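First up is the structure itself, then whatever we jot down about it.
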């Protein structure tokens, strides 16, 4: 059987669109995902990236959950070092109170941006340089339960509303650190294969091998992949040219929104940019439904993933919707 299929949304912001259009398109997509049978729909947290509009996932989660009836909606993820754990607990308890049993709290340890923007978020160089993610995670869990050890200075502080639990936490990562931490705490783990240069096999298999029952009785891993699916391999490659050029510009510090395929195909890459483009293409899956399913199935077999989460960015909104429809026909029917 094919694994459950979910969606990661960074809210692509293509050339020629307004931010209002980009946001409304994501709400249209989550309604489609709800009808098609996708399991989850998560919004990412990124900052100061010209082609991405997903900066505040909790706002989009509230809107998306209100626009749907079945699908789980969550963060993929909240970048915990950017935030006070109390504030995260309050926001997600509020979401859980509004939409009981339908909210997920994906947590990451990366900044989701460049160092200068991370400094603007965290306010001090000390906060930027310290790696206190495990401590912040424990604090978040404690606020979720409103239960700290005796004598803890935050013991009297309550994350409101008190009468709802914190939604399920999923630890996200693109290396072995989060895999090992997830396994040690008995928590779900999500691997970001859509941008990680490291193959997912090692961290995902290590997570399963090292898993100790805790929050979960058995491991649950989510493999996130970048996909463009179209009726033919050639059409998928054409649409994906926008993504490749967008990634190259981001990696070479060029601020630009998602270009059209026409612009991308006409672009003349420098030798260095061509090398970057090839490294990016190795992390993506482009093709017809048959091609995409074959490649995803192979990844699932290699990693023992329990669930697949798909990120699709195309210049055209209709092509993005169609990509997810074709994936649903291939995996969910």
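Data for the structure
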| read-out | value |
| --- | --- |
| Helix 176-185 axis, angle to the chain major axis (alpha carbon atoms, nearest 10°) | 40 |
| Value of D in µm² per second that Stokes-Einstein yields for segment 65-107, Kirkwood Rh from Cα pairs, at 10 °C (1.306 mPa s) | 146 |
| Within the chain, helix-based [θ] at 222 nm, where runs of 4 or more DSSP H residues each add -39,500 (n - 2.57), nearest 500 | -14500 deg cm²/dmol |
| Highest-MSF residue in the chain out of 194, 46, 20 [GNM, Cα springs under 10 Å] | 20 |
| Cα gyration tensor category, rounded, prolate or oblate, for segment 1-87 with a/c compared to 1.5 | oblate |
| Enclosed volume per residue, in Å³, of the convex hull spanned by Cα atoms of segment 111-215 | 141 |
| Helix axis angle, 19-36 relative to the chain longest principal axis, alpha carbon, degrees | 80 |
| Alpha carbon centroid spacing (whole Å) that separates segment 218-270 from segment 32-98 | 23 |
| For the chain: relative contact order, % (alpha-carbon pairs under 8 angstrom, 6 or more apart) | 20 |
| Segment 19-78, relative contact order in percent, only Cα pairs under 8 angstrom and at least six apart counted | 41 |
| Among 43, 92, 211, residue whose mean-square fluctuation peaks in a GNM of the chain (springs only between Cα atoms under 10 Å) | 211 |
| Top of 248, 215, 88 by mean-square fluctuation, Gaussian network on the chain, Cα under 10 Å | 215 |
| Cα-based shape type of segment 91-156, given that a ≥ b ≥ c are square roots of the gyration tensor eigenvalues and the cut on a/c is 1.5 | oblate |
| Between helix 57-66 and the chain: long-axis angle, C-alpha atoms, 0 to 90°, nearest 10 | 80 |
| Segment 1-146: C-alpha pair distances exceeding 19 Å, % | 55 |
| Value of D in µm² per second that Stokes-Einstein yields for the chain, Kirkwood Rh from Cα pairs, at 20 °C (1.002 mPa s) | 105 |
| Contact order normalised by residue count of segment 206-333, Cα under 8 Å, 6+ apart, percent | 40 |
| Value of D in µm² per second that Stokes-Einstein yields for segment 268-332, Kirkwood Rh from Cα pairs, at 25 °C (0.890 mPa s) | 180 |
| Radius ratio Rg over Rh of segment 160-284, counting only Cα atoms, Kirkwood formula for Rh | 1.12 |
| Rounded to whole Å, sorted largest first: equivalent-ellipsoid semi-axes of segment 220-333, Cα gyration tensor | 25, 16, 12 |
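Quick note: the coordinates plus some simple rules give every number you see, no bench work behind them. As the structure is a prediction and not an experimental result, all values here were calculated from the model.
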